[in-house]
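To start, the structure itself, in structure tokens.
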Amino acid sequence: MAEVWTMGEMIVEIMRTEVDVSLYEAGLFRGPFPSGAPAIFIDTVARLGHSAGIIGGVGNDDFGNCLLDRLKKDGVDCSKVIISDTFSTGVAFVTYFSDGSRKYIFHMGNTPAVDAKAPEEKDLSGIKFFHIMGCSLMAKASFAEEIVKTMRIAKKLNARVSFDPNVRKELLKDVSVFETVQEIMKNTSVFLPGVEELLLLTQKKTVKEAIEKCFEYPEMEIIVLKNGSKGCSVYTRTESFDMGVYPVEVVDSTGAGDSFDAAFICGLLQGKDLKTAASMAAAAGALNTAAFGPMEGNISKETITEIIRQHEI
């Protein structure tokens, strides 16, 4: 049985081949690539040698095959993935801009990507971490409810909850999602936000105030504040430190944060100290950006060890 589970959208991603081409313009696309933040996360966990499973859904079509073939090849347990004969696999269209920003069009709300149900308790036997992505909560209210149900099962089995809010403004259509987020925060042990997300979800004006607010939740153990090319900061109730980034030529930053999350959790599972876990996370994030496609980076135990050996950050 898998020691790390996630539940969320499984989609393919189709991207512009050139920057600064709006999605409403005629132009070229490249893909499909297997994607979805939870799928990227759990694929990275599996590639780093940990048993991993995903609860989600795809259509009985070529895009679904694209996802399932990749995840299974990398060792992900897909036994809790529904395969729909009625609806097609979810899709995200993405364009990149020269200032580093991205814009998405999601075809996900009425697809199997957000239609899976919470598993039975026996299905999660042996779980150690349940990872939640905020974008999965925002796609469909009923799906968010199933994710929360699964979280409760995981907690009953003494698993720790890790949470990346991963806010996408394109998906933030139901303000009730904040109530769901509050319940998840009450159960979260490892919180992995970006700076803007941290301030948004805590309704605080400074990072210091926001961090203090998060530690008011009794289950909160570790906060990893991700700040893109500036690296990250790691906080516990008694210490904090900063971690830089590893030098790579950035090709595509999509999915870097998801791979970062996965490697950090793997470090914790391996009993590593926080600085080593953070360096593993930074290495996985960097390797992810060095290839075009959300989970196409050359990430493995060996490549992470090598990049850490070559560079001190």
Quick query: amide H of ARG160 versus all other amide H atoms, modeled in the peptide plane; which residues come in under 5 Å with a sequence gap of 5 or more or a different chain? PHE129, PHE130
Extension gain, GLN182 back to GLU25 (0.36 nm per residue minus Cα-Cα distance, nm): 52.6 nm
Fluctuation leader among LYS213, LYS128, LYS140 - the chain, Gaussian network, Cα springs under 10 angstrom: LYS213
Using Cα pairs closer than 8 Å and at least 6 residues apart in sequence, work out the relative contact order for the stretch 1-115, in percent. 33
Roughly what % antiparallel, to the nearest 5, for the DSSP beta bridges in the stretch 116-273? 40
For the chain, with +1 on Lys and Arg beta carbons and -1 on Asp and Glu, the positive-most of ALA159, CYS266, GLY27 along the dipole: ALA159
For the stretch 14-27, Karplus couplings with θ = phi - 60° (6.51, -1.76, 1.60), whole Hz, Gly/Pro x: 10, 10, 4, 7, 10, 7, 6, 10, 5, 6, 8, 8, 5, x
When the convex hull of the C-alpha atoms of the stretch 180-295 is computed, what volume per residue in Å³ does it have? 107
Unsatisfied cross-links (Cα-Cα over 31 Å) in the set LYS80/LYS186; LYS205/LYS301; LYS149/LYS226: LYS205/LYS301
Of SER300, SER136, SER279, the most mobile residue in a GNM of the chain (C-alpha springs, cutoff 10 Å) is SER300
May I ask you to evaluate 6.51 cos²θ - 1.76 cosθ + 1.60, the Karplus curve with θ = phi - 60°, for each residue of the stretch 255-270 and list the ³J(HN,Hα) values in order in whole Hz, giving x for glycine and proline? x, 4, x, 5, 5, 4, 3, 4, 5, 5, 4, 4, x, 5, 4, 7
For LYS80, other-chain or 5+-apart residues with amide H closer than 5 Å (H placed, Pro excluded) are ILE54
Given a cut-off of 20 Å, what percent of all Cα-Cα pairs of the stretch 130-225 lie beyond it? 31
Given Cβ point charges of +1 (Lys, Arg) and -1 (Asp, Glu) and nothing else, what value in debye, to the nearest 20, does the dipole of the stretch 1-160 about its Cα centre take? 600
GNM top mover of ALA118, ALA159, ALA26 - the chain, alpha-carbon springs below 10 Å: ALA26
Calculated from DSSP H runs of 4 or more alone, at -39500 (n - 2.57) each and per residue, what is the 222 nm mean residue ellipticity of the chain, nearest 500? -11000 deg cm²/dmol
Among GLY293, GLY100, ALA281, whose Cα projects farthest towards the positive end of the dipole of the chain, with charges put on the beta-carbon of Lys, Arg (+1) and Asp, Glu (-1)? ALA281
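Nothing charged except the Cβ atoms of Lys and Arg (+1) and of Asp and Glu (-1): what's the magnitude of the dipole of the chain about its Cα centre? Round to the nearest 20 debye.
The calculated dipole for the chain is roughly 580 debye.
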Quick one: dipole size for the stretch 143-240, taken about the Cα centre, charges +1 on Lys/Arg Cβ and -1 on Asp/Glu Cβ, in debye to the nearest 20. 120
Please work out whether the stretch 27-89 counts as rounded, prolate or oblate from its C-alpha gyration tensor, where a ≥ b ≥ c are the square roots of the eigenvalues and a/c under 1.5 means rounded, while otherwise a/b larger than b/c means prolate and anything else oblate? oblate
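All of the numbers you see were taken from the coordinates with simple rules; none came from a lab. What you are looking at is a predicted structure, and each value in this text was computed from that prediction instead of being measured. Note: ideal-geometry Cβ built from the backbone for every residue, glycine included; neighbour counts use all protein chains shown.
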